[in-house]
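Encoded as structure tokens, the structure appears first; notes follow it.
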């Protein structure tokens, strides 16, 4: 084979490789890899997110747990999915495959913090940006959004954006492609779209990437978080939690079938702080055991929780059977009925 022929064949091979890569990127929609449970299309979520959490909605709504406890007022009711249904009209069980929620802490603004009756100023709520994948398109979504006439519609760089036009909210929904949408306040949605165009997002935060990659693959639900939101949550809970040492970061994940299982790891400032956090958690478990005389199920819950420390980390695991949850639900219903002077339900007696 002469030199010119080799050059032609080499050029052809390079061209074929380039075409193959281009076609693959077009089919997958992106050449970027997922980060833990966050799909490639969601990597434009803000890098400064303090908490990122998600649900495998298909696994959730198809689970035995959801079939038993997923109704209105039940312990399996997921408020984030209910909120999506209220805002977009999408039915979680029918239309949604997965949800990722990124929470960014609001910058402190004393003028906007609302004073409560006790005189203590409350923080403004954090910004939550919701990324949803599922089975819907522009026409179906537009028909599903409640009170569609109050939403304006625009088209920008191949993305359809719906903005609430009622003046009562600054919410927006961006349909990125058939089956992918982002919802949140207008500023957060615009940030996502800008990140998507520039290639910026979660990957710019190495610490967040590390947390996400530590989530167990195949988890039905998961959450990772940094200190800015976690410290606020513990301070607002009150009681022993308000005095917990600062938590640097948390990774939690779990499943729903055949029982509800959850694993969480919290990283403290040092080993001494980790021990203090573990002692508070063990104290909570001991308190449940002490109350077992009033409600036997509490002892079973206490037995299902294990707490261990490893240097500056606290590891927590819990496994609760569906039967125990059902028993707790019936016990709570019986208590409410007795308090109201109503006879217990037949199912509660059995």
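Only one of the numbered conditions (1) touching a helix residue (DSSP H, G or I) at 6+ places or on another chain (Cβ under 8 Å); (2) farther than 27 Å from residue 209 by Cα; (3) in a helix (DSSP H, G or I) is violated by residue 67, and that is (1). Taken over segment 193-211, the residue count meeting the criterion of being surrounded by fewer than 16 Cβ atoms within 10 Å (Cβ to Cβ) and assigned to a loop (DSSP other than H, G, I, E, B) is 2. Among residues of segment 95-138 being farther than 19 Å from residue 188 by Cα, at pLDDT below 90 and within 24 Å of the chain's Cα centre (by Cα), the one that is surrounded by the fewest Cβ atoms within 10 Å (Cβ to Cβ) is 122.
With the structure loaded, tell me whether residue 182 is surrounded by 14 or more Cβ atoms within 10 Å (Cβ to Cβ) and in contact (Cβ under 8 Å) with a residue 60 or more places away in the chain or whether it fails that test. No. Of all the numbered requirements in (1) out of contact with any strand residue (DSSP E or B) (no Cβ under 9 Å at 6 or more places or on another chain); (2) at pLDDT below 90; (3) not in a loop (DSSP other than H, G, I, E, B), residue 288 misses one, and that requirement is (1).
Scanning segment 261-284 for residues that are over 17 Å from the mean Cα position of the chain (by Cα) and under 23 Å from residue 325 (Cβ atoms) yields 281, 282, 284. Any residue in segment 267-284 that is closer than 25 Å to residue 60 by Cβ and either assigned to a loop (DSSP other than H, G, I, E, B) or touching a strand residue (DSSP E or B) at 6+ places or on another chain (Cβ under 8 Å) (or both)? No: segment 267-284 contains no residue that is closer than 25 Å to residue 60 by Cβ and either assigned to a loop (DSSP other than H, G, I, E, B) or touching a strand residue (DSSP E or B) at 6+ places or on another chain (Cβ under 8 Å) (or both). For segment 10-32, the count of residues that are surrounded by 10 or more Cβ atoms within 10 Å (Cβ to Cβ), modelled with pLDDT of 50 or more and either within 18 Å of the chain's Cα centre (by Cα) or closer than 29 Å to residue 329 by Cβ (or both) is zero.
Scanning segment 291-302 for residues being in contact (Cβ under 8 Å) with a residue 12 or more places away in the chain and either over 17 Å from residue 329 (Cβ atoms) or outside any helix (DSSP H, G or I) (or both) gives a total of 2. Applying the criterion of being touching a strand residue (DSSP E or B) at 6+ places or on another chain (Cβ under 7 Å) and part of a loop (DSSP other than H, G, I, E, B) to the residues of segment 151-174, the residue that is modelled with the highest pLDDT is 170. Quick one: count up the residues across segment 71-94 that are over 30 Å from residue 203 (Cα atoms) and either in a helix (DSSP H, G or I) or modelled with pLDDT under 80 (or both). So the answer is 11.
The values are calculated or read from the model by the stated rules, or taken from the named source; none is laboratory data. Note that the coordinates shown come from a computational prediction; the quantities given were computed from them, not determined experimentally. Note that each Cβ is placed from the backbone with ideal geometry, even for glycine, and that neighbours are counted across all protein chains shown.
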